Amino acid sequence: MERELYIGVDVSKRWLDLAYYDGVAVDWKHGHIRVDNKESGFVQIGKWLKKLGVDKDGILFCMEYTGLYCQNLRMWLEKEGFVYGMVNPRKMHRFEPDLEAGERALDRIKTDEMDSFRIAMYCEKHRRKIRSQPSRLPAPAYFKLKRLIAERRQYVVQSALYKQQLHDVCDYDTDGSVSRKREELKSLMAHVRQTEAEILSVMEEDAAIKKNYDLLRSVAGIGIVVAAETIILTENFTSVTNPRTYACYIGIAPAKKESGDSVRGGNHVSRKGFTQAKADLSMACLKAIQTDSNIKSYWQRRKSDGKNGGVVLNAIKFKLVLRMFAVIKRQKPYVEIDGYKKA
């Protein structure tokens, strides 16, 4: 591999901005192109790469996670045999390239073109990690599950609004209004059940996803939503394999805030986590407290010690995360140790 190029891709719905960096100098004038985010644009990318005169093995792509917008590009890259890496946008926003004096200041200029150069420099800095752990598209069932979970969440949010309105019925609500709200709520709840049935049907399409789903459901408190959501967020436990990493991602891992003699209130969980997953896990905790004797005794013991309920609940969330990752690692259903010893 004589020469390497690091290609940064800024992805949007309509187009792609690509820029290259060779690890030495930035070609601000000729190192960038913009193409349509569709098949014709991918053909242009292929022609552009040929002009650069670098072997396919010497090219490394990098882009941020942008949901469905980058899916077709990823499919094209895999079909053509290119290596690429996906990066969390939060990491990219914190990244500050080491530029020489007089270079364009990427921290002051915010355009799609500048973002593509920034991503290219990030790609060069993390080239070893990307090559050792290249990204791959998940199975088609993964994307179906992602859309279905989002659809279910919309129905649940809308049904909650109607439940609240029916709870607050007063003398000024007409009979027709109340009847329509009840019918709408009934329809929404039916949609929730139909969506859940389709989620289970989609899981049957992929043996690996279905097996991991069944393993997750063996953990007390883990229902269809948390199990499917965890599979989605970890790409079926391929992109995230460490429970502590996942705990940090969804925002249940306490972190310190201190500077010199200033200690800001001890350890607190981050507000930057994936709040929906954290909220869904809270509901799983409440169910686990009711159904799991070990977690119930832990909850009662910590509460009797005077611990704040939120702190104890967060600790239980982490226990559930550890259990979920444990059953996936062992590929065996969860077994309650205390009950096993008694038996």
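The values are calculated or read from the model by the stated rules, or taken from the named source; none is laboratory data. As the structure is a prediction and not an experimental result, all values here were calculated from the model. For neighbour counting, all protein chains shown are included, and Cβ atoms are generated from backbone atoms with ideal geometry for every residue, glycine included. Note: areas computed on protein heavy atoms with side chains; ligands, DNA, RNA excluded. Shrake-Rupley method; radii C 1.70, N 1.55, O 1.52, S 1.80 Å.
Per-structure values
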{"item": "Conditions (1) over 14 Å from Ala220 (Cα atoms); (2) modelled with pLDDT of 90 or more; (3) open to solvent by 70 Å² or more (accessible area, probe 1.4 Å): number failed by Thr291", "result": "(1)"}
{"item": "Test result for Tyr334, of a type in the set (Ser, Thr, Tyr), within 18 Å of Phe237 (Cβ to Cβ) and either modelled with pLDDT of 90 or more or touching a Leu at 6+ places or on another chain (Cβ under 9 Å) (or both)", "result": "yes"}
{"item": "Residues of segment 1-46 satisfying the condition of being among the polar types (S, T, N, Q) and in contact (Cβ under 8 Å) with a residue 24 or more places away in the chain", "result": "Ser12, Asn37"}
{"item": "Any hit, segment 175-183, residues being in contact (Cβ under 8 Å) with a residue 12 or more places away in the chain and touching a helix residue (DSSP H, G or I) at 6+ places or on another chain (Cβ under 6 Å)", "result": "yes"}
{"item": "Close pairs (7 angstrom Cβ cut-off, 6 or more residues apart or separate chains): on the phi < 0 side of the Ramachandran plot and of a type in the set (Val, Ile, Thr) in segment 85-112, modelled with pLDDT of 65 or more and surrounded by 12 or more Cβ atoms within 10 Å (Cβ to Cβ) anywhere", "result": "Val87/Cys62; Val87/Glu64; Val87/Tyr122"}
{"item": "Any hit, segment 167-174, residues being assigned to a helix (DSSP H, G or I) and open to solvent by less than 60 Å² (accessible area, probe 1.4 Å)", "result": "no"}
{"item": "Output for segment 302-338, where each listed residue is of a type in the set (Ser, Thr, Tyr) and in contact (Cβ under 8 Å) with a residue 12 or more places away in the chain", "result": "Tyr334"}
{"item": "The lone exception for Asp206 - which of (1) under 18 Å from the mean Cα position of the chain (by Cα); (2) at pLDDT below 95 it fails", "result": "(1)"}
{"item": "Restricting segment 5-40 to residues that are more than 19 Å from Phe95 (Cα to Cα) and part of a strand (DSSP E or B), the residue that is most open to solvent (accessible area, probe 1.4 Å)", "result": "Arg34"}
{"item": "Verdict on Ile149 being surrounded by 18 or more Cβ atoms within 10 Å (Cβ to Cβ) and either out of contact with any Leu (no Cβ under 8 Å at 6 or more places or on another chain) or among the charged types (D, E, K, R) (or both)", "result": "yes"}
{"item": "Whichever residue in segment 52-79 is among the charged types (D, E, K, R) and under 14 Å from Arg3 (Cβ atoms) and, among such residues, is least open to solvent (accessible area, probe 1.4 Å)", "result": "Lys56"}
{"item": "Residue within segment 103-111 that is modelled with pLDDT under 95 and part of a helix (DSSP H, G or I) present", "result": "no"}
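For (1) farther than 26 Å from Lys287 by Cα; (2) not in a helix (DSSP H, G or I), each residue gets a yes or a no:
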| position | (1), (2) |
| --- | --- |
| Leu188 | no, no |
| Val192 | no, no |
| Ala197 | no, no |
| Ile209 | no, no |
| Leu216 | no, no |
| Val219 | no, yes |
| Ser239 | yes, yes |
